[in-house]
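Beneath this line is the structure, given in structure tokens, with notes to follow.
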Amino acid sequence: MSLTPAAILALALAAAVGIVAQWSGSLLADVWWRAAVALVAIGLAYELYVTRRIALAVRWAARPPLYLGRMEALALEVENRTRRRVAVRLAPAWPAALAGDARARTLELAPHATAAATLDARAIALGVHAWPELPARVRGPLRLAWWPRTVAPGGSARVLPDTLGPHRDVAGSSDGATAQTTLGGGLELHHLRDYQTGDPRHTIDWKVTARASRLITRVFSEDQHLEVMVLIDAGRTSRTEIDGMQQFGHFANLAARFAEYCVASDDLVGLIAFADRPLVTLKPGRGVQAVTRIRNALTELAPGPVESDVLAAALHVRNLVRHRCLVVILTDLYERSATSQLAQSARLLVPKHLPLIVGLVGEEVIDLAARTSDDWVDPYTSFAAREYQKHVGANVARLGQLGAYALTARARELDRKVLDTYRRLRAQRRI
């Protein structure tokens, strides 16, 4: 129970009158303060009786699944199932998978009416998570106190990996092939253009050249269907929090978006999630079905407290994929033991496959490395951050010398850097 300002004021006045009665010996003042306290006590007892009979129903409004990392507006609905007006104060409680607004909300409910409070929350973990009970308070009809109540909204929230968004459609299983233009080869003429220095002589269309009185080059189209395997680390280091979310969450979002982007070009994409052993294996597939399988598999995954064995995952790729493919490895690039395994993995995959190894760098590390010294400990903190960056950079260079592509990125730059690299490798026909 929490007294309202009105009840506190009434009790304070009664206490003041009681003090006056003690000092003055006035019988009337003594009666008045005792009567005031008795009335407040009777009023509180009445409110307790009434509020216990108030029926409330709380639920989170039905909505599509939440997407990992996105800030969403959620509606918390409260229904008054009694014939009297009710004031309710709710303190939001979130499952561990959501980080949301914790400020209390007060709703005024008419008889047999429903009101809603809009709360902002960000999903930070994948999976299905039950909504916890909410602490609430109901104000008594005499406005003397707020009475505690616990309400259970029931249901659960489902958090899925994020998507590329509505502006990029995913190709179907038989549509969306992307034509790669090439000179003088392929199956179908794409277009004609003026001759440019360096074009092979056999690409010149001599009949069109004779009619146009200038050299004309033939450009043909060639359908390019590639295979891509995404390896995502679900071990101990993936539990590290970067920019408010576990590293695994950033990797899962990238894997889901990257799969969408690949199938839009009619490429085949598969997934291997690994920790101390391969946890999930999805062979390369094409179209919406492949994306759906990957998203469902990622939704059910959670990083575990075990050391990752990326070498075993790379060996699994060698046994699973027979043709040359792009192997995108999403893991931590700092750990010395992990980097040693990454070097062995690169040697194992190259030259048959092309590894692209991606790591995350937190904004906090970059800020600490550049921070000026305001306290005695700041130089040591800044030095540690710079050493971290130096070590990661050395690992990236080492992997590059072994024939792999390696890059690091901040969380907000991760998608852009990986997709740009994929587009460049595809255009250069490195895959």
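If ligands, DNA and RNA are left out, what is the accessible area of TRP94 with a 1.4 Å probe, given in Å² to the nearest 10?
Rounded to the nearest 10, that gives 50 Å².
If each residue of separation counts as 0.36 nm, what is the full-extension length gain between ALA210 and ARG416 once their alpha-carbon separation is subtracted? Display every interim value, and only then the final one.
Values: separation 206, 0.36 × 206 = 74.16 nm, distance 4.59 nm.
Here the answer is 69.6 nm.
Got the relative contact order for region 293-398 handy, in percent, Cα pairs under 8 Å and 6 or more residues apart? Display every interim value, and only then the final one.
Numbers: 83 pairs, mean separation 27.8, N = 106.
In percent, rounded to a whole number, it is 26.
Report SER2's accessible area, 1.4 Å probe, all protein chains in place, as a number in Å² to the nearest 10.
Rounded to the nearest 10, the figure is 30 Å².
For a Förster distance of 60 Å, can you work out the FRET efficiency between the beta-carbons of ARG34 and TYR380, rounded to the nearest 0.05?
For R0 = 60 Å, the calculated efficiency reads 0.35.
Which of the chymotrypsin sites (Phe, Trp or Tyr not before Pro) found in region 342-431 are loop residues per DSSP with 16 or fewer other Cβ atoms within 10 Å of their Cβ? Please list the in-between numbers first.
Numbers: sites: TRP376, TYR380, PHE383, TYR388, TYR405, TYR422; in loops: TRP376.
Here the sparse-neighbourhood loop sites are TRP376.
Can you tell me the convex hull volume per residue for region 231-343, based on C-alpha atoms, in Å³ to the nearest whole number? Please list the in-between numbers first.
Details: hull volume 10.9 nm³, N = 113.
Given the Cα convex hull of region 231-343, per-residue volume reads 97 Å³.
Can you list residues from other chains, or at least 5 along the same chain, whose modelled amide H is less than 5 Å from the amide H of LEU231?
For LEU231, whose amide H was placed from the backbone, the distant partners under 5 Å are ILE272, VAL328, ILE329, LEU330.
Given the alpha-carbon gyration tensor of region 381-431, what are the semi-axes of its equivalent ellipsoid in whole angstrom, ordered largest first, with each equal to the square root of 5 times an eigenvalue? Don't skip to the end; give the middle numbers.
Working: eigenvalues 134, 47, 4 Å².
The three semi-axes for region 381-431 are 26, 15, 4 Å.
Summarise the accessible area of the chain (1.4 Å probe, protein heavy atoms) by the percent that is carbon and sulfur. Provide the component values of the computation, followed by the final result.
On the way: 11900 of 22050 Å².
Of the solvent-accessible surface of the chain, carbon and sulfur hold 54 percent.
What is the percent of Cα-Cα separations in region 1-78 that go past 16 Å?
Numbers: 2036 of 3003 pairs.
Cα-Cα pairs in region 1-78 separated by more than 16 Å: 68 percent.
Pick from LEU144, LEU301, LEU160 the residue whose mean-square fluctuation is largest in a GNM of the chain, springs joining Cα atoms under 10 Å.
Checking each option, the largest mean-square fluctuation is seen for LEU144.
Which whole number in µm²/s is D for the chain by Stokes-Einstein, with the Kirkwood Rh taken over Cα pairs at 4 °C and 1.567 mPa s?
Estimated via Stokes-Einstein, D reaches 48 µm²/s.
Name the most mobile residue of THR299, THR197, THR421, meaning the one with the largest mean-square fluctuation, in a Gaussian network model of the chain with Cα contacts below 10 Å.
THR197
With r as the distance between the Cβ atoms of ALA99 and ALA12 and R0 = 51 Å, compute the FRET efficiency 1/(1 + (r/R0)^6) and round to 0.05.
Values: r = 41 Å, r/R0 = 0.80.
The calculated FRET efficiency here is 0.80.
Heads up, I need the accessible area for THR292: 1.4 angstrom probe, whole protein in place, Å², nearest 10.
The accessible area comes out at roughly 60 Å².
Can you work out the base-10 log of I(q)/I(0) for region 293-360 at q = 0.15, 0.20, 0.24, 0.25 1/Å, using the Debye formula on its C-alpha atoms alone?
Taken in order of the listed q values, log10 I(q)/I(0) reads -0.53, -0.92, -1.17, -1.22.
Could you pull out every whole DSSP H run in the chain that spans at least 27 Å of Cα extent along its own axis and averages -0.5 or higher on the Kyte-Doolittle scale?
Working: long enough: 5-24 (28 Å, 1.80); 27-52 (38 Å, 1.14); 378-401 (35 Å, -0.75).
Those that pass (Cα extent of 27 Å or more, hydropathy at least -0.5) are 5-24, 27-52.
What is the gain in length, in nm to one decimal, between GLN401 and LEU27 on full extension, counting 0.36 nm per residue of separation less the C-alpha to C-alpha distance?
Values: separation 374, 0.36 × 374 = 134.64 nm, distance 9.81 nm.
Stretched out fully, the GLN401 to LEU27 stretch lengthens by 124.8 nm.
If you take every residue apart from ALA121 with its C-beta less than 10 Å away from the C-beta of ALA121, what net charge results, scoring Lys and Arg +1 and Asp and Glu -1?
Summing Lys/Arg as +1 and Asp/Glu as -1 gives -1.
Run the numbers for TYR46 and ARG89: contour at 0.36 nm per residue of separation, minus the present Cα-Cα distance, in nm.
Details: separation 43, 0.36 × 43 = 15.48 nm, distance 1.98 nm.
Here the segment from TYR46 to ARG89 would lengthen by 13.5 nm.
Against the 2.2 N^0.38 Å scaling, with N counting residues, where does region 336-431 land? I'd like the Cα-based Rg ratio to two decimal places.
Numbers: Rg = 16.1 Å, N = 96, 2.2 N^0.38 = 12.5 Å.
Taking the Cα Rg and dividing by 2.2 N^0.38 Å, one obtains 1.29.
Taking Cα pairs under 8 Å and at least six residues apart, what relative contact order does the chain come out at, in percent?
On the way: 866 pairs, mean separation 49.4, N = 431.
11 percent.
Please list ARG149, ARG386 in order of solvent-accessible area, largest first, computed with a 1.4 Å probe with all protein chains present.
Details: ARG149 60, ARG386 115 Å².
If we order ARG149, ARG386 from most to least accessible, we get ARG386, ARG149.
Compute the accessible area per residue over the chain, keeping the other protein chains in place, probe 1.4 Å, unit Å². Don't skip to the end; give the middle numbers.
Details: 22050 Å² over 431 residues.
Counting only protein heavy atoms, the per-residue value for the chain is 51 Å².
Can you give the FRET efficiency for HIS202 and ARG322, using 1/(1 + (r/R0)^6), R0 = 25 Å, r = Cβ-Cβ distance, to the nearest 0.05? Could you put the intermediate results ahead of the total?
Values: r = 33 Å, r/R0 = 1.32.
FRET efficiency, HIS202 to ARG322: 0.15.
Could you order the peptides 394-404, 36-46 from most to least packed, using the average number of other C-beta atoms within 10 Å per residue? Display every interim value, and only then the final one.
On the way: 394-404: 16.4, 36-46: 14.6.
Answer by packing, highest mean first, reads 394-404, 36-46.
The values are calculated or read from the model by the stated rules, or taken from the named source; none is laboratory data. A quick note: this is a predicted structure, and the numbers were derived from the prediction, not measured. Here the Cβ is made from the backbone with ideal geometry for all residues, glycine too, and neighbour counts use every protein chain on show. These area figures cover heavy atoms from the full protein model, side chains too; ligands, DNA and RNA do not enter into them. Shrake-Rupley method; radii C 1.70, N 1.55, O 1.52, S 1.80 Å.
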